[in-house]
Amino acid sequence: TKNYGKAIEMFTKATEVSAKDGLAWRGLGMAQVEEGNRAAAITALTKATETMRARSRKADAFLRLGDIQLEQKNYDAAEAAYKSCLRFARKSRVKGGANYGLGFVMRGKGQRSEARKFFAQASRDNN
């Protein structure tokens, strides 16, 4: 069994020891997601994107942030996160995830033509 409460406690301590530890912030955000604490997850993942240096990890944090924002129908925030992800992403899997998310963002905004373009790009990224 997974103990996300304990993970939250440990990652919180790690961020208190080193406020610039992007991996700790990302871990805290992911644990918060699993516990259903979306607002806390957004805060932690935003901090992760601000403190991480590695492009791939920064891209992944933006991808997760976009997913949470999309789930809450915060389309503008999700769009910004996914587009930031694409600026840092190198792996086609991560690019595909961001483009797929952008497809749903555009669909949510009623921009079906734009949505199709992002879904098509996601399909190319994942093949």
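Please state which of the following conditions Glu114 fails to meet, knowing it meets all the rest: (1) of a type in the set (Asp, Glu); (2) crowded, with 19+ Cβ neighbours inside 10 Å; (3) farther than 19 Å from Met30 by Cα.
(2)
Specify the residue that is least open to solvent (accessible area, probe 1.4 Å); the eligible residues are those in segment 47-69 that are over 16 Å from Gly29 (Cα atoms) and in a helix (DSSP H, G or I).
Across segment 47-69, the extreme among qualifying residues is Ser56.
Tell me, yes or no, whether segment 85-105 has at least one residue that is of a type in the set (Gly, Ala, Ser), within 24 Å of Gly5 (Cβ to Cβ) and either open to solvent by 70 Å² or more (accessible area, probe 1.4 Å) or out of contact with any Gly (no Cβ under 6 Å at 6 or more places or on another chain) (or both).
There is no residue in segment 85-105 that is of a type in the set (Gly, Ala, Ser), within 24 Å of Gly5 (Cβ to Cβ) and either open to solvent by 70 Å² or more (accessible area, probe 1.4 Å) or out of contact with any Gly (no Cβ under 6 Å at 6 or more places or on another chain) (or both).
Of all residues in segment 63-86, how many are among the basic types (Lys, Arg) and without any contact (Cβ under 8 Å) to a residue 12 or more places away in the chain?
0
Which pairs turn up if I take residues in segment 14-43 that are under 16 Å from Asp67 (Cα atoms) and in contact (Cβ under 8 Å) with a residue 12 or more places away in the chain and look for partners that are charged (D, E, K, R) and outside any helix (DSSP H, G or I) with beta carbon separation below 8 Å, at least 6 apart in sequence or on another chain?
Pairs that qualify, where the first residue is under 16 Å from Asp67 (Cα atoms) and in contact (Cβ under 8 Å) with a residue 12 or more places away in the chain and the partner is charged (D, E, K, R) and outside any helix (DSSP H, G or I), are Glu34/Lys2.
Report, by residue number, each residue of segment 70-84 that is surrounded by fewer than 18 Cβ atoms within 10 Å (Cβ to Cβ) and either touching a strand residue (DSSP E or B) at 6+ places or on another chain (Cβ under 9 Å) or within 25 Å of Asn127 (Cβ to Cβ) (or both).
Selection gives Lys83 alone.
Exactly one of (1) open to solvent by 20 Å² or more (accessible area, probe 1.4 Å); (2) at pLDDT 95 or above is unmet by Asn127. Its number?
(2)
Of the residues Ala24, Ala44, Ala39, which single one is within 18 Å of the chain's Cα centre (by Cα), over 19 Å from Ser84 (Cβ atoms), surrounded by 17 or more Cβ atoms within 10 Å (Cβ to Cβ) and modelled with pLDDT of 95 or more?
Going through Ala24, Ala44, Ala39 in turn, the sole match is Ala24.
How many residues does segment 1-13 hold that are open to solvent by 50 Å² or more (accessible area, probe 1.4 Å) and either part of a helix (DSSP H, G or I) or closer than 18 Å to Leu65 by Cβ (or both)?
Matching residues across segment 1-13 total 6.
The values are calculated or read from the model by the stated rules, or taken from the named source; none is laboratory data. What you see is a predicted model, and the numbers here were worked out from it, not measured in a lab. In this analysis, Cβ positions are derived from the backbone assuming ideal geometry, glycine residues included, and neighbour counts consider all displayed protein chains. Protein only, heavy atoms only, side chains kept; ligands, DNA and RNA dropped before computing areas. Shrake-Rupley method; radii C 1.70, N 1.55, O 1.52, S 1.80 Å.
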